[in-house]
Each structure stands twice: as structure tokens, then as C-alpha cells.
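**Q** My questions will all concern the structure given below.
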Amino acid sequence: MSCLQHPDIARAGADFEGAEPTASQVQLSADNRPVSIPDGTVSEETSADIQDTDSSGLYYEVEGATVRSVPSTARRSLAAVAPLMTGLPTDLPVRVIAAGASVLGLNCPCSVWEKRRSERAHRLRCTRIQICHLRTALVTIQFDEPRN
């Protein structure tokens with residue numbers, strides 16, 4: 001049985017130590033079929049039955065994983081994202097996608113990665129990253145926060 005749990009982002013650096021991110025609007029699919037996630041939120045360990053599948057997808061929003069970049073431009077921030085899944089083989093490939101005009105850059109501090117842009121992703125100002133293994137999957141995202 002696999003589980004979902006809030007991501008461990010402390011590996012992203014001292015600014016993220018003690019952070020307790022929460023994933024919301026969680027959508028999980030296994031072999032293109034939805035898997036129910038109670039309340040669509042992951043703030044503590046949650047079981048997810050995705051055994052014996054060929055592929056899975058996990059989409060979510062994260063809160064509590066952003067710090068201000070100091071010193072830097074006003075509104076500049078850094079977010080850390082790590083997989084929610086546990087109980088899976090640690091050599092599984094993971095793809096993290098960050099989208100939006102405010103995304104300035106991505107970095108994988110724990111892993112060798114390959115940055116890929118597709119024509120469509122470029123038009124949407126979206127950068128795709130293929131991370132080698134689940135065990136080292138951690139991405140920091142530099143972005144400008146929106147003006148209020």
C-alpha cells in the first residue's frame with residue numbers, strides 16, 4: 001500500500017527547516033482512473049491504493065512551502081516542492097511541472113536533472129523538469145508573487 005504524506009522540503013535548505021506544507025486540491029490517478037483522496041487534502045499520512053499499476057499521476061497545490069528571497073527584488077520568493085508519495089520504489093522517474101508567467105527558474109538541489117521545454121510549454125511559460133529518481137526528487141521554484 002502506498003501513502004501520501006506532506007512533503008519533506010527541509011532538504012531544500014535552512015529556510016525550509018521546520019516547514020509543514022499542506023497539499024490541497026489533490027488529484028491522484030492510477031492507469032488513468034481517479035483514486036479517491038478524502039477532502040482532496042494531505043496534511044498527514046493518507047493511504048492510497050495504487051498497487052499493480054503501469055502509470056500514475058498526482059496533481060496538487062501546496063501551501064506553507066514558500067519563503068521570501070532576501071536580499072532580492074520585492075515580491076521575489078522561493079518555493080520547495082517534493083513528492084507526496086511514499087511506499088513506492090525509489091528509482092521511479094518523477095516529472096515536476098511548474099507553470100505560470102511568474103515562474104523565473106527551477107532547480108533540483110538533490111538530483112541530476114534534465115530541463116525540457118516543449119513548444120506548447122514555452123507558449124504557456126511552463127518549464128518541465130524530468131527528475132531521475134523519486135528518492136532525490138526535490139525542486140525549488142523561484143517566482144515573483146502577484147501584486148495585491
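The values are calculated or read from the model by the stated rules, or taken from the named source; none is laboratory data. Everything numeric here is computed off the predicted structure, so don't read it as measured data. Quick reminder, even Gly has a Cβ in these numbers, built from the backbone with ideal geometry, and neighbours come from all protein chains shown. Just the protein is used for accessible areas: all its heavy atoms, side chains included, with ligands, DNA and RNA removed. Shrake-Rupley method; radii C 1.70, N 1.55, O 1.52, S 1.80 Å.
**Q** For the stretch 99-148, enumerate the residues that are among the small types (Gly, Ala, Ser) and either open to solvent by 30 Å² or more (accessible area, probe 1.4 Å) or at pLDDT 80 or above (or both).
**A** Across the stretch 99-148, the qualifying residues are 99, 101, 102, 105, 118, 137.
**Q** Please determine, by comparing only the residues of the stretch 55-71 that are touching a strand residue (DSSP E or B) at 6+ places or on another chain (Cβ under 9 Å) and part of a loop (DSSP other than H, G, I, E, B), which one is least open to solvent (accessible area, probe 1.4 Å).
**A** To start, the set of residues in the stretch 55-71 that are touching a strand residue (DSSP E or B) at 6+ places or on another chain (Cβ under 9 Å) comprises 55-70.
Keeping just the survivors that are part of a loop (DSSP other than H, G, I, E, B) gives 55, 64-65, 69-70.
On the way: 55: 60, 64: 51, 65: 5, 69: 28, 70: 126 Å².
Within the stretch 55-71, the match that is least open to solvent (accessible area, probe 1.4 Å) is 65.
**Q** For residue 54, only one of the following conditions fails: (1) under 17 Å from the mean Cα position of the chain (by Cα); (2) within 20 Å of residue 94 (Cβ to Cβ). What is its number?
**A** Here residue 54 meets the rest and fails (1).
**Q** A follow-up question, please. If you scan the stretch 5-26, which residues turn out to be open to solvent by 10 Å² or more (accessible area, probe 1.4 Å), assigned to a loop (DSSP other than H, G, I, E, B) and either touching a residue at least 40 places away in the same chain (Cβ under 8 Å) or of a type in the set (Lys, Arg) (or both)? Break it down into steps so the answer makes sense when it comes.
**A** Here is the first cut: in the stretch 5-26, the residues open to solvent by 10 Å² or more (accessible area, probe 1.4 Å) are 5-6, 8, 10-15, 17-20, 22, 24-26.
Of the ones still in play, those that are also assigned to a loop (DSSP other than H, G, I, E, B) are 5-6, 8, 13, 17-20.
Selection gives 5, 6, 8, 13, 19, 20.
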